[in-house]
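Encoded as structure tokens, the structure appears first; notes follow it.
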Amino acid sequence: NGPMQGVYFSSNPEPTGQPDVIRLADTKKELANNGLLKSISKEDFQNTDVLVFRESTGQLYMQRKGLPDDELEYEGAADEDEGGQTGLGKDGKYFYYRLMVRGVMDLDIDFSGPEPKGGWNDWSTGYELEESFREHESNHLRSGEWVRIVVINRATGYMGTRRVQLNEASQNNNGMMSLPVDEIVLKPPQLKVWAERQFSIDHGAKQGTTQTNIVGAEGAALNDDEVVTVYTEWFDEEGRPLPEELGRDSGEEFGLTGRLARIVSDGQIAAVAQSNLAEFPIAPGVNTQVLQVNSNLSAAEHFYIHVSGTAKDESPQFDSGNTATGLAGRPKMLTPFLSPVRWHSAQTQSLLRMVLSP
């Protein structure tokens, strides 16, 4: 039960007495997901963006940023029938909302959202329609088209998506292209982050060749590695590609944000560079991240990657102050992601398993 473990080589005819090698004892590999959300404050829950994309092209049609305080007039209602157009539901466990989507033949009546003020240009600008859809002659959504709704809580990175087909107006009692959207449950993003090290083999049967290995969680790279590459992979909850324009400007406008940090003292983790040079945007799909670290390291360094649900253009905060068990020294707000953990079993010598961790 001590911290050391004795190892006897198989070539040793008498594995007794002093072991051939003494090493640190193995610890139990943690394969369960950790760092998941248990509760959320009302303020952080309100920090949820709703983005509507045209499914056929991946274009962003419109967005609403957060749930403003002035839209909580009916806070605590069971649903919109009991309350108003937008608000927090009972116990603050969900929110409901309506979005106005302008059709080809539009009316001067708005049954949802803010009251129209001024002309069409004023309304479309205030309602966060994308510029390409702000003109009367724009290629507006039509009945029968599919839209993709992406909901992201910017405080935690939890998200959900839903595909919705716009009905014909004739199919609705009020003659509008109006339809309910099924409940969207926010879950940890299907985001994978991992590193690969590339190195040359100088001795043995494979001398002169180059090999690439995945660096597992709590794994290590060496100073003489030729390249260490960090990859991100981000899809929706069912493994489908996310809309193309969610990755606009390499993910800086609507994506997530990663940060490279290192241990600077006991229990203290800080960014590897000043200002935002240690941060990088995370766009949908598979992407290679360019991270900079000192090349003249004289001692082993412990590096960490943290992810924020806030887009890089919105100045994500990585302030420390996390007091959760096992997360001391880490940022207060963290987005969990999948990282590879190497583990052993009776059937195979070594496997890599993706585990959610902060």
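Give the calculated FRET efficiency between residue 70 and residue 39 to the nearest 0.05, with a Förster radius of 22 Å applied to their Cβ-Cβ distance. Write out the running numbers ahead of the final one.
Numbers: r = 25 Å, r/R0 = 1.14.
After rounding to 0.05, the efficiency reads 0.30.
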Expressed in nanometres to one decimal, the distance between label points 7 Å along Cα→Cβ at residue 90 and residue 304 is 4.0
For a test of the definition: using alpha carbon positions, the gyration tensor, and the 1.5 limit on a/c, classify region 189-282 as rounded, prolate or oblate.
oblate
How far apart, in nanometres, would the label points at residue 265 and residue 220 be if each is projected 7 angstrom from Cα along the Cα-to-Cβ direction?
2.6
Can you give me the long-range amide H partners of residue 256? Hydrogens built in the peptide plane at 1.01 Å from N, cutoff under 5 Å, separation of 5 or more residues or another chain.
282
From the backbone phi of region 149-164, what are the Karplus-calculated ³J(HN,Hα) couplings (6.51 cos²θ - 1.76 cosθ + 1.60, θ = phi - 60°) in whole Hz, Gly and Pro given as x?
9, 10, 10, 10, 7, 6, 6, 10, x, 5, 8, x, 9, 7, 8, 9
FRET efficiency for residue 211 and residue 286, using Cβ-Cβ distance with R0 set to 22 Å, rounded to 0.05
0.55
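Laboratory data are not the source of any read-out in this text; all were calculated from the coordinates shown. The model shown is predicted, which means the values in this text are computed figures rather than measured ones. Positions of Cβ are generated from backbone atoms using ideal geometry, with glycine treated the same way; all protein chains shown enter the neighbour counts.
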